[in-house]
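To start, the structure itself, in structure tokens.
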2 protein chains.
Amino acid sequence: MGFELAESTRLGFIGAGQMAEAIARGLVNKGVIPAHRITTSDISPSRQKVFQGFGVSVQPSNADVAANSDVLIVAVKPQYVPVVLSDASSQLTKNHLVVSIAAGVALKDLESWAGGARVVRVMPNTPCLVGETAAALSPGTLATTEDVELVKGLFSALGQIHVVKESLLNAVTGLSGSGPAYVFIAIEALADGGVAAGLPRDVARSLAAQTVLGAAKMVIETGKHPGQLKDEVASPAGTTIAGIHELEKAGFRAALMNAVIAATKRGDEMSG
Amino acid sequence: MGFELAESTRLGFIGAGQMAEAIARGLVNKGVIPAHRITTSDISPSRQKVFQGFGVSVQPSNADVAANSDVLIVAVKPQYVPVVLSDASSQLTKNHLVVSIAAGVALKDLESWAGGARVVRVMPNTPCLVGETAAALSPGTLATTEDVELVKGLFSALGQIHVVKESLLNAVTGLSGSGPAYVFIAIEALADGGVAAGLPRDVARSLAAQTVLGAAKMVIETGKHPGQLKDEVASPAGTTIAGIHELEKAGFRAALMNAVIAATKRGDEMSG
């Protein structure tokens with residue numbers, strides 16, 4: 001059932017940072033593409049070694065990566081995207097599919113820099129690293145249905161991905177792009193609560209992280225509404241409803257909604 | 001590497017509700033014990049059918065379950081524990097290990113009702129259902145090191161389990177027992193935030209649940225402090241720190257700490 005790239009498809013990464021590594025390793029581990037069909041380029045010798053370490057060939061330049069790939073994943077910081085695409089442009093053709101994971105860099109700009117190549121924007125998040133990303137994509141004007149299916153296939157191997165309008169990518173950034181940070185804070189706070197209640201720190205941290213994981217998995221696997229699952233664990237006059245009362249008194253829901261909205265707005269500002 | 005019960009060990013469930021089912025199914029699915037070495041009893045014919053449906057034999061009475069098991073898991077609501085143990089007591093011997101998952105029922109009471117059997121208390125949580133429980137156990141005065149290892153083995157197949165002093169079991173209830181409800185609310189609120197920012201409901205719900213899952217998995221798999229992971233995703237003047245600011249303004253951390261503390265206190269009150 002797993003997605004596999006066509007035998008001839010070659011994958012290139014411009015930029016060999018953490019996200020590029022997470023994506024490349026994930027795709028190799030899941031059998032989507034063998035490492036020998038992947039190339040990358042990066043100015044850092046230590047990052048080059050990391051990629052060579054799992055069988056990816058390192059090219060001397062961004063143009064060489066473009067020349068040796070059909071699908072080109074641009075995984076550099078947003079401000080470097082124009083530079084790296086201009087480096088690669090001599091080798092970029094309309095046969096290339098360019099996939100940008102740079103936050104806030106618009107499809108129309110990507111298309112203008114990519115010299116006629118088809119373009120898809122993706123907003124992944126860092127749980128890519130553990131194969132559990134929550135991502136969204138928006139296709140450019142030249143991207144085909146097959147391009148969208150290919151990018152969906154790639155990222156489905158690394159978690160889940162949805163297709164949205166480009167105008168919604170900042171909302172995705174505000175929710176799933178920035179969301180892991182909210183969850184990290186929640187885990188730390190739950191552990192602190194456990195320590196306040198007397199638990200040893202290591203037990204509290206472990207119970208907190210595992211509880212968050214388990215509850216999320218229940219939402220995903222049961223397909224039930226989270227409100228229903230909440231009702232099912234809240235016994236009359238029990239411990240759970242006592243905890244819930246504290247959350248509601250503090251405006252816990254509004255805080256999380258505000259966080260998503262504020263992060264989305266910040267994304268809108270940054271996109272100009 | 002998986003835990004397996006000794007070939008001769010027979011497992012009995014008094015009570016065939018949701019938690020009993022989650023535990024029994026999980027143990028069978030993980031190969032810890034074959035279904036034909038498990039028995040249960042329950043007054044509800046529909047619950048009997050569920051257990052028979054995956055190969056567990058249903059006994060006419062609690063005493064029959066005790067007579068046909070070495071390890072007896074008591075999975076009824078707390079108020080029914082004295083009754084079911086008194087039902088079973090004619091067949092309970094000091095060769096039995098009684099494992100109670102009833103919240104707030106003390107070891108000393110369990111031991112007095114269990115007629116000389118060894119007793120271990122466990123506080124699991126509902127993600128047992130998806131194999132991701134966060135649990136803790138406390139051994140009674142007669143329980144051996146082997147008993148503790150056996151119960152750890154059983155619940156490790158269903159998630160994770162820690163050994164704590166009995167006086168801390170209410171803190172475990174406040175954190176991991178009641179914690180899934182806090183996470184369900186957080187997922188609903190993150191999804192609401194996404195909808196407020198313009199995302200379709202189904203995309204927002206899916207991104208929210210997957211983001212919570214992925215972030216928790218990152219904490220568990222990387223072993224990094226959640227505070228460090230938070231720092232790593234918060235770029236200068238970026239979207240994430242804008243979201244975090246909203247959480248901190250609202251006292252998000254204190255709300256979660258208060259929830260754990262309040263639920264723990266309620267557990268203390270209920271334990272009398």
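Each reported figure results from applying straightforward, stated rules to the coordinates on display, with no laboratory input. Since this is a predicted model, take the numbers as computed values, not measurements. No Cβ is skipped: glycine too gets one built from the backbone with ideal geometry, and neighbour counts run over all protein chains shown.
Values computed for the structure shown
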| read-out | value |
| --- | --- |
| Kirkwood hydrodynamic radius of chain A, from inverse mean 1/r over distinct Cα pairs, in Å | 20.4 |
| Sorted by Cβ neighbour density within 10 Å, fewest at the top, the residues A:137, A:92, B:72 | A:92, A:137, B:72 |
| About the Cα centre, charge dipole magnitude for the stretch A:1-87 (Lys/Arg +1, Asp/Glu -1 at Cβ), debye | 240 |
| Enclosed volume per residue, in Å³, of the convex hull spanned by Cα atoms of the protein assembly as shown | 148 |
| Vicinal HN-Hα couplings computed from phi for the stretch A:3-16 (Karplus, 6.51 cos²θ - 1.76 cosθ + 1.60; Hz; Gly/Pro x) | 6, 10, 6, 4, 4, 8, 5, 10, 10, x, 10, 9, x, 10 |
| Rel. contact order, % - alpha carbon contacts under 8 angstrom, at least six apart, the stretch B:179-271 | 18 |
| Per-residue average of Cβ from other chains inside 10 Å of A:20-27 | 0 |
| Amide proton proximity set for residue A:119, modelled H, under 5 Å, gap of 5+ | A:98, A:140, A:142, A:143 |
| Computed log₁₀ I(q)/I(0) - Debye formula, equal Cα scatterers, no solvent, the stretch A:156-200, q 0.24, 0.28 Å⁻¹ | -0.86, -0.98 |
| Shortest-first distances to equivalent copies, position residue A:141, nm, label 7 Å out along Cβ | 8.2 |
| Approximate spin-label separation residue B:108-residue A:225, in nm, with each point projected 7 Å along Cα-to-Cβ | 4.6 |
| At least 15 Å along the helix axis (C-alpha) and Kyte average at least 0.5, DSSP helices within chain B | B:179-196 |
| Highest-fluctuation residue, B:43, B:14, B:161 considered, GNM on chain B with Cα pairs under 10 Å | B:43 |
| Net charge contributed by nearby residues that have their C-beta within less than 13 Å of residue A:96 (K/R +1, D/E -1) | 0 |
| Residue order, fewest to most surrounding Cβ atoms within 10 angstrom, among B:163, A:99 | B:163, A:99 |
| Test item: Cα-centred dipole of the stretch B:179-271, Lys/Arg +1 and Asp/Glu -1 on Cβ, debye | 40 |
| Simple label model, 7 Å out from Cα along Cβ direction - residue A:149 to residue B:235, nm | 3.3 |
| FRET E, pair residue A:4, residue A:90, Förster distance 25 Å, beta-carbon r, rounded to 0.05 | 0.20 |
